[in-house]
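Below is one structure, written out as structure tokens, with a few remarks after it.
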Amino acid sequence: MSMAFELSAGFADKVTSAQTTFRAVMQAMARPGTVQRLETGLQHVPAPLTAATAAIALTLFDHDTPLWLDDATQVATVTQWLRFHTSAPLVSEPDAAAFALIADPGAMPSLDHFALGSNDYPDRSTTLILQLGSLDDGPAFDLSGPGIRGRATLRAPLPADLLAQRDALAPLFPRGLDFILTAGDAIVAIPRTTRLVAQGDN
């Protein structure tokens, strides 16, 4: 597959597609646990990126957003595509990143390796974008907190120890990590303010 082919895979209509994707991400953050479908219009993106992950990258990444890639996404076709379309600088340490792309959540570093922000600047934390096999199938989780009326339910194959690691960070609030889960053209947001519990454990 040629570099020219890979680099042609951006938004056909940059302004409209970026605006639509940004609104969907904001809606996902405002309503944690709800599945938002992105109309990306992307026909070809470099593996292993999904259409939703690629659309988020094209919308949110720029030269001021240091980016960390896991081993699964550290391939030439992905790094070339990201550099060309977003200009986001790639960093080698997770705690130096504004965003982290994780295509293999089961092998991701522990959460305390990422930037958690500070009490004065909690927004200076890493937003983790986790690619999953599905956002409507798998173990069931209850979500509660701001933006959720009562409880919301998420079914997804989250890493086994992710909940325990998130719980360990809770006392550090307002420091913490925000998550965007992707699968195909779908996204779900789990902000640091959201409580996430496996069904049957609460």
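Computed values, structure above
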item	result
Check on Ile180, part of a strand (DSSP E or B), touching a helix residue (DSSP H, G or I) at 6+ places or on another chain (Cβ under 6 Å) and surrounded by 12 or more Cβ atoms within 10 Å (Cβ to Cβ)	no
Any chance Ala72 is within 21 Å of Ala189 (Cβ to Cβ) and either in contact with a Pro (Cβ under 8 Å, 6 or more places away or on another chain) or in a helix (DSSP H, G or I) (or both)	no
Residues of region 60-80 satisfying the condition of being closer than 19 Å to Thr21 by Cβ and among the acidic types (Asp, Glu)	Asp62, Asp64
Matching entry among Thr153, Thr77 (being touching a Gly at 6+ places or on another chain (Cβ under 8 Å) and either part of a helix (DSSP H, G or I) or among the polar types (S, T, N, Q) (or both))	Thr153
Test: residue in region 55-64 that is of a type outside the set (Phe, Trp, Tyr), within 27 Å of Asp167 (Cα to Cα) and exposed (fewer than 13 other Cβ atoms within 10 Å of the Cβ)	no
Unmet requirement for Asp95, which otherwise passes all of (1) under 17 Å from Pro48 (Cα atoms); (2) part of a helix (DSSP H, G or I); (3) not basic (Lys, Arg)	(1)
Candidate set: region 83-118, residues that are polar (S, T, N, Q) and within 28 Å of Gly133 (Cβ to Cβ); chosen: the one surrounded by the fewest Cβ atoms within 10 Å (Cβ to Cβ)	Ser92
Selection count where residues are among the charged types (D, E, K, R), modelled with pLDDT of 95 or more and surrounded by fewer than 19 Cβ atoms within 10 Å (Cβ to Cβ), scope region 126-156	1
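The values are calculated or read from the model by the stated rules, or taken from the named source; none is laboratory data. What you are looking at is a predicted structure, and each value in this text was computed from that prediction instead of being measured. All Cβ positions, glycine included, derive from the backbone under ideal geometry; neighbour counts span all protein chains shown.
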